[in-house]
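Undergrad: Take this structure, written in structure tokens, and hold onto it; I'll ask about it next.
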């Protein structure tokens, strides 16, 4: 068998160049662009990977759930009217699906006397996310403190919140959904005012927008 000449090898190389270029282009077009959502069938169980970040905004209703003394005796939750709430949150994923972050919120509730109660909690959050694209779900717990203002009086106390949400991944950067949380807002006094201690609970139902950084 004759050894191929240098000219033949050069011609073969030239003929292979367009083929290799076409194959590279096809591979590049098949790969998803950064930030593109994978097809639901190809999506991993949880796309929320360590290092990802999210910012959330919400607004909705604040529903008085209960108001009692420390002995769990009714203390007049009917004196509070349906109110409104808002929140701003940040989350950072430390493991797949698991995030930590912070949340600032505010809520207004009217009273039967025509006044209003303003509650502003600030807390540390831990949440777990999972997905079945294009839908996303989360459960969340929060602990922190709150400031309440009623007429000219104010009080600071501990705050707890738990609940979750369901969202639709509308674009690679935005998710829209509904949330429901239970706020636990104990009103604790000291000294001669301990008889004013109360345990209060509110249900937040809100619409939310989540931006994926």
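Just so you know, all these numbers are worked out from the coordinates, no wet-lab data involved. Worth saying up front: this structure is predicted, and the values here are computed from it rather than measured. So basically every Cβ, Gly included, is an ideal-geometry build from the backbone, and we count neighbours across all protein chains shown.
Undergrad: On a full-extension model of 0.36 nm per residue, what is the gain between residue 130 and residue 74, subtracting their alpha-carbon distance, rounded to one decimal in nm?
TA: Gain in length upon complete extension: 16.3 nm.
Undergrad: Going by C-beta contacts inside 10 Å, put 139, 117 in order with the fewest on the left.
TA: Ranked by crowding around the Cβ, least crowded first: 139, 117.
Undergrad: Hey, another quick one. Does a label point 7 Å from the Cα of residue 112, set along Cα-to-beta-carbon, have any residues of the stretch 138-165 with amide nitrogen under 20 Å, and which are they?
TA: 150-151
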